[in-house]
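Below is one structure, written out as structure tokens, with a few remarks after it.
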Amino acid sequence: MTVAVRSFAKINIGLEIGPRRADGFHALRTVYQTVALPDRLRVEVARGTGIEIHSNDPRVPLDEANTCWRLAELAMKALKARRRVKIQIEKGLPVQGGLGGASSNAVATLLAIERAVGKRLPAEERLRLAAEVGSDLPLFLIGGTVLGVGRGEEVYPLEDLPALDCVIVTPDIGISTPQAFAELDNFREKTGKLTVRASSDKLGGSSHALSAWLSGSSTGVPAKSSGDRAEALLLDLVHAGIENDFESVVFPQHPELRLVKRALEREGAGYASLSGSGSAVYGLFRSREQARKAAKRLKAEGISAVATRTLTRREYWKRMFE
Ligand code: C5P
């Protein structure tokens, strides 16, 4: 049986990175938000054993190095299913782009395998297996607006932000996340600037802004429509100084990414940021029209920009197998 599945991207709204832990990972806090840009996967469970991966993008690893492979292997074992899994990945998202493409692909594979074999793993086990493969996987088992703590794998569904119009710029630059973490450690050691305290101060700021906004108490004016709520969120994000800590090492290395962020702001983004360790940079806009116009103008400047929307949890699950 073959199952077609959409594997959506995520952006990070704020990413605060604490010091390196004893296990080598960094404690972090972030708000993940799923967005309507997909990769498309076809997963076939057939007679035989083993795993086979094909992709239209030569940068996608076709062996155990692929997160899909690792999660598929764990899932088949947990489901006690001895079959051959064939995974076809049609890449729409950038590789090493900070949009969680590889992590999302792995979770999509797991969900497709469950459909194909007609069995489901309990939610807890799904989360545990996903976290075993990578810190960025569990968020895709929740979708919508998700709080990520621990090494990013500890996830909590937040009250969904309304669907926001956004523009995502995907420069042709691959950034290795482990390398970006290592560079951040070096940078902090050298400058001594970003102490843990400074980081936790900001952490308080971002969670306050988001939770204040989520509870509808962020501005004096009650938000009437989702357009008003979106507007209030953008203002709060800016006021709280919500940031992605990776920008401090990624922007100096790739100055063109800082220019992209400025270009998004210039085009009217209420909030713009690097996503994950990049290289994707996104901007949140107040209307679809504004986002479309901004993407069009950036494209005319030779910047690969696409206008899309964030996906609420309901939309995320609805559109996955449509
Ligand atoms: O969990 P994942 O496999 O995505 O992590 C890849 C690498 O990124 C880790 O081996 C580690 O070097 C780095 N990492 C980190 N802190 C995190 C998440 C990832 O240092 N919270």
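Just a yes or no: is a residue in the range 82-90 assigned to a loop (DSSP other than H, G, I, E, B) and not aromatic (Phe, Trp, Tyr)? Scanning the range 82-90 turns up at least one residue that is assigned to a loop (DSSP other than H, G, I, E, B) and not aromatic (Phe, Trp, Tyr). A search for C-beta distances below 9 Å between a residue of the range 278-297 that is on the phi > 0 side of the Ramachandran plot and any residue that is open to solvent by 40 Å² or more (accessible area, probe 1.4 Å), counting only pairs 6+ apart in sequence or on different chains, returns Gly278/Gln96; Gly278/His254. Taken as a whole, the structure places Glu247 among residues that are of a type in the set (Asp, Glu), open to solvent by 10 Å² or more (accessible area, probe 1.4 Å) and within 16 Å of Ile13 (Cα to Cα). Here Gly98 meets the list (1) closer than 16 Å to Arg40 by Cβ; (2) modelled with pLDDT under 95 almost entirely, failing just condition (1). Within 16 Å of the ligand (Cβ to nearest atom), not assigned by TED's automatic domain parsing to the domain that holds Glu247 and not polar (S, T, N, Q): does that describe Val45? So Val45 fails the test. Restricting attention to the range 69-82 and to residues that are modelled with pLDDT of 95 or more and among the charged types (D, E, K, R), the residue that is surrounded by the most Cβ atoms within 10 Å (Cβ to Cβ) turns out to be Arg70.
Matching residues to (1) touching a residue at least 40 places away in the same chain (Cβ under 8 Å); (2) of a type outside the set (Gly, Ala, Ser):
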position: Val3; (1), (2): yes, yes
position: Ser7; (1), (2): yes, no
position: Ile13; (1), (2): yes, yes
position: Ala27; (1), (2): yes, no
position: Ala36; (1), (2): yes, no
position: Asp39; (1), (2): yes, yes
position: Val43; (1), (2): yes, yes
position: Gly50; (1), (2): no, no
position: His54; (1), (2): no, yes
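Quick check, is Asp228 in contact with a helix residue (DSSP H, G or I) (Cβ under 6 Å, 6 or more places away or on another chain), at pLDDT below 95 and of a type in the set (Asp, Glu)? No; evaluated as a whole, the condition is false for this residue.
The values are calculated or read from the model by the stated rules, or taken from the named source; none is laboratory data. None of these values were measured; they are calculated from a predicted model. As a convention, Cβ positions derive from the backbone with ideal geometry for all residues, glycine included, and neighbour counts pool all protein chains shown. Only protein heavy atoms, including side chains, enter the accessible area calculation; ligands, DNA and RNA are left aside. Shrake-Rupley method; radii C 1.70, N 1.55, O 1.52, S 1.80 Å.
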